[in-house]
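**Q** Supplied in structure tokens, the structure appears directly below.
Read-outs throughout are calculated quantities, based only on the coordinates presented, and are distinct from any laboratory measurement. In this text the structure is predicted, and so the values were computed from the model without any measurement. So basically every Cβ, Gly included, is an ideal-geometry build from the backbone, and we count neighbours across all protein chains shown.
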Amino acid sequence: MDTPTIRKAFLDFFTARGHEHVPSAPLVPNDPTLLFTNAGMNQFKPYFQGEQTPPYKRAVTIQKCLRAGGKHNDLDEVGRTRRHLTFFEMLGNFSFGDYYKEKACPWAWELVTDAFGLDSDRLWVTIFDTDDEAFEIWRDVVGVPAERIIRMGAKDNFWSMGVAGPCGPCSEICIDLGDAFGDASERGPAGNEERYLEIWNLVFMENECNAAIEPVGPLPKRNIDTGAGLERIAMVLQGKDHIFDTDLLGGLVRRAGELTGTRYGDSETSDIALRILADHARAIAFAVADGVLPSNQERGYVLRAIMRRAVRHARGLGHRDPVLKGLVDAVVEAMGPAYPELEQRRDLIVEVAGREEARFDETLRQGLTLLTAEVERARRGSRTIPGEVAFKLHDTFGFPIDLTAEIASESGLTVDRDGFEALMHDQRERARAARTGADAGEVSAALAEAAARSGPTEFVGYEGLVARGRVVALTDGGRSLPAASEGDEVELVLDRTPFYPEGGGQVGDRGVIVAPSGRAEVLDTRRVADGLIAHRVRITDGEVALDDEVEAAVDADFRAGCERAHTATHILHWVLRDRIGEHATQAGSLVEPGRLRFDFNHFEPVGDERLAEISDELRTRVLMDDLVRAYETSYDYARQIGAMAIFGEKYGDFVRVVEVGDYSKELCGGTHVPHTGSIGVIVVTSEGSVGANLRRVEALVGRDGLDFLQRRMRVLERAAELLRASPEEVDERLERLLQTHREMERRLHESERAAAEQDAARLAAEAVDVDGARLVVARRDGEVEALRNLAQRLKGRLGSAVVVLGTAGEGRANLVGAVTKDLVERGIAARDVLTPGARLLGGGAGG
Ligand code: SER
């Protein structure tokens, strides 16, 4: 069976048994605790936890998985074993509180023996130590001989995602590959996991675990989560010895061989490198297709580490030419039919791979030279690469720590990871301190108490700008205050407020709060913990006290400016993705009154022409005056209509969607204009790089945009006046003027040169003979530099000569002396010639 046939057989088997075929989720999960999707069950986590109600009770998927970084990390094994991959496809069937072990086990058995036709005598199963229920089902219902059902501990047979979430005991189906794969064992897979290969894991999801992976209680229902590695099934069904010899991966290994001029099978070391290249190329292509770009943080960093590791292994084969582009292209070719996102993003994938390889190539060799020297030193001494070296390799030469560790381990050495981490920590701390300044502020006890007393602040700022509320907390940042009076700067919390708290890039509202016997100016508004919204205020009149009934009024201009900028941000996001590509997603933003800053993922400058097109499109979309709608809906619905969410952000069941016209849809809590026309204008003022694969656009909107344009126009008009031209002619006129200017400069230079030549000729003619040599003594007022040139010219003309030139002016005199080479050889030094004259002038001769 080739891979497509296996995929189909699996899906058919379970859809025939009432399972909904759910598409693979992206590699970037909607779960901030998880780096990459590492199992089929990830996308169903809220169903298992009872947080969301599934629309179906049974599901079957073929899930793209990446096991790199995080707890499930197979990076180090890849290529060195016959069975590990970082990227793989997981076949899985799921039950959400529906069937349990009694169906999951027999079905799995039926599929592998009937549909896949594996010999049941070669199959073993493992179960969790205390799982008698599973034991009985395997033995009595399925008919597996008791001696081939092996009980194992939590390390092997209790499965979790590696982060807080659902978990449970599991049971694995393994196949005996035969004598060629190692010694037989009575304990089967417990005795030799190379020979008894795990092909399917059935998890009985019934527990919940915390971040330390300790079970903390049962899930609301008992569920099934299974996962079979497609590539392992292919290896067994295709009768191959190695996962990399299967139909899909075999082709990629061969391609890696062609690109590096290496034959697969030549040596174990080069084979490992070729397998690593094949595996990593898949991880790279799929990660980029799902929106990850190499960077220095989180998933981007793991991707970068994978790419750099691949490059280093390619260079290790003694080949200098780039390989990643060709390899990822082969991945798209081979897997595009099953995963159209690869085809759609082919250009991006190839481009990103090529760039990262080129970037790393610049420092790889230098870094390797340093590391090789350190490896030699460590070999003779401590057998450990110091943390500072690993840090330098990381910081200066771009070596991910795992790469350094891998290279060290090839010589039997280790890396001082603690030392490395400590240095990284220091660096991060320095950066953080620089970013946040002093006010990293935690929630004070006073605020926590207010929250406990009066509950979360009700935000009424979507509906209006003015509202009545009651003061429920007043603090000096730490302690609770009964009242605050004129001049005090305090934190003030109301039970309800129209002030928007900073969030989603939009800054907090400003305005005033009027109390019965005082008044406060709101300087900033932010959300603090427990659902409270805190206003930072300065009391400008009288006194404001706890429990005061107040009127809170947002500064309407301030808010309107923010709203224009915020809606403009959404339009910009949409236009960028439309014009540049879907990968150009938001990485951060700042929305202030009248201006915005928008960071997005992209690997090269946008370019003047495209930026002009984008600006044009932005203006058009403002003029279209489309409706802007905001509404609350379920997260599922928002996903269904394709609303953009921020990668890695955690969303609840209910979310707020903001739609602009019929094109932009984003999850957003911010405030917006009612129609795009109210933005007035969006003026892009700059585009530039702010980090690896990160670009920033800055723009002005509304009044600020118009003022900017007006200022520019003034400058243009003034320039036109100076040129005595119309503004439309300015550039052409200026160009002509500059041309004339350049021409005149050239002529001036030429005539100065000619004059100098003439002068030199005249002086040379007047030279006197002294002892067979020629002597010129003259005064020429001007720059010393000109004097030096003149002296050189004279030397050139006179053959054997001494030249003394003087210049005077502005209370200062200079002498320049020159002696031709033949006279220098006769013992005449320019310095000696000048000294008497210099003395007369009251100075000396030097240089
Ligand atoms: N979640 C389990 C695993 O990844 C079964 O799918 O092995």
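**Q** Between segment 806-842 and segment 1-41, what is the C-alpha centre distance in whole Å?
**A** The two parts, judged by their Cα centres, are 90 Å apart.
**Q** Could you give the size of the charge dipole of segment 154-227 about its Cα centre, using +1 on the Cβ of each K and R and -1 on the Cβ of each D and E, expressed in debye and rounded to the nearest 20?
**A** 360
**Q** Residue by residue, what Karplus-based ³J(HN,Hα) values in Hz, rounded to whole numbers, does segment 558-574 have, using 6.51, -1.76 and 1.60 with θ = phi - 60° and x for Gly and Pro?
**A** 4, 5, 4, x, 5, 5, 4, 5, 5, 5, 4, 4, 5, 5, 4, 4, 5
**Q** List, in order, the whole-Hz ³J(HN,Hα) value for each residue of segment 91-106 obtained from phi through the Karplus relation with A = 6.51, B = -1.76, C = 1.60 and θ = phi - 60°; use x for Gly and Pro.
**A** 8, x, 10, 9, 10, 9, x, 9, 6, 10, 3, 4, 9, 4, 5, x
**Q** Could you tell me the distance between the Cα centroids of segment 376-394 and segment 567-623, to the nearest Å?
**A** Segment 376-394 and segment 567-623 have Cα centres spaced 45 Å from each other.
**Q** Compute the long axis of helix 830-840 from its Cα atoms, compare it with the longest principal axis of the Cα atoms of the chain, and write down the angle in degrees, 0 to 90, nearest 10.
**A** Once rounded, the angle reads 60 degrees.
**Q** Cβ under 13 Å from Lys64's Cβ, Lys64 left aside: what net charge do those residues give with Lys, Arg +1 and Asp, Glu -1?
**A** Value of the local net charge: -1.
**Q** If you don't mind, there's one more thing I want to ask. Ranked highest first by average number of other Cβ atoms within 10 Å, how do 137-146, 267-276 line up?
**A** 267-276, 137-146
**Q** Let me ask something else. Which shape class, rounded, prolate or oblate, goes with the chain when its Cα gyration tensor gives a ≥ b ≥ c as root eigenvalues, a/c under 1.5 marks rounded, and past that a/b bigger than b/c marks prolate?
**A** oblate
**Q** Still on this structure, I have one more. What number comes out for the charge environment of Phe181, summing +1 per Lys or Arg and -1 per Asp or Glu over other residues with Cβ under 11 Å away?
**A** Charge balance in the 11 Å sphere: -3.
**Q** For segment 437-578, give me the percentage of DSSP beta bridges that are antiparallel, rounded to the nearest 5 percent.
**A** 95
**Q** Could you tell me whether segment 624-695 comes out rounded, prolate or oblate from its Cα gyration tensor? Rule is a ≥ b ≥ c as square roots of the eigenvalues, rounded for a/c under 1.5, then prolate if a/b exceeds b/c, otherwise oblate.
**A** Oblate.
**Q** Based on the alpha-carbon gyration tensor of segment 35-98 and its eigenvalue square roots a ≥ b ≥ c, which shape applies: rounded if a/c is under 1.5, prolate if not and a/b is larger than b/c, or oblate?
**A** prolate
**Q** A further question follows. Take each of the peptides 532-539, 214-221, average the number of other beta-carbon atoms within 10 Å over its residues, and list them starting from the highest.
**A** Highest to lowest by the protection proxy: 532-539, 214-221.
**Q** For every other residue with a beta carbon closer than 14 angstrom to the beta carbon of Glu268, add +1 if it is Lys or Arg and -1 if Asp or Glu, then tell me the sum.
**A** 0
**Q** Compute the relative contact order of the chain as a whole-number percentage, counting only Cα pairs closer than 8 Å that sit 6 or more residues apart in sequence.
**A** So the answer I get is 6 percent.
**Q** How far is helix 3-15 tilted, in degrees, relative to the longest principal axis of the Cα atoms in the chain, given as a value from 0 to 90 rounded to the nearest 10?
**A** 50
**Q** Remind me, relative contact order of segment 496-550 in percent, using alpha carbon pairs under 8 angstrom and six or more residues apart?
**A** 32
**Q** Taking 8 Å as the Cα distance limit and 6 or more residues as the minimum spacing, I'd like the relative contact order of segment 603-659 as a percentage.
**A** Relative contact order here is 40 percent.
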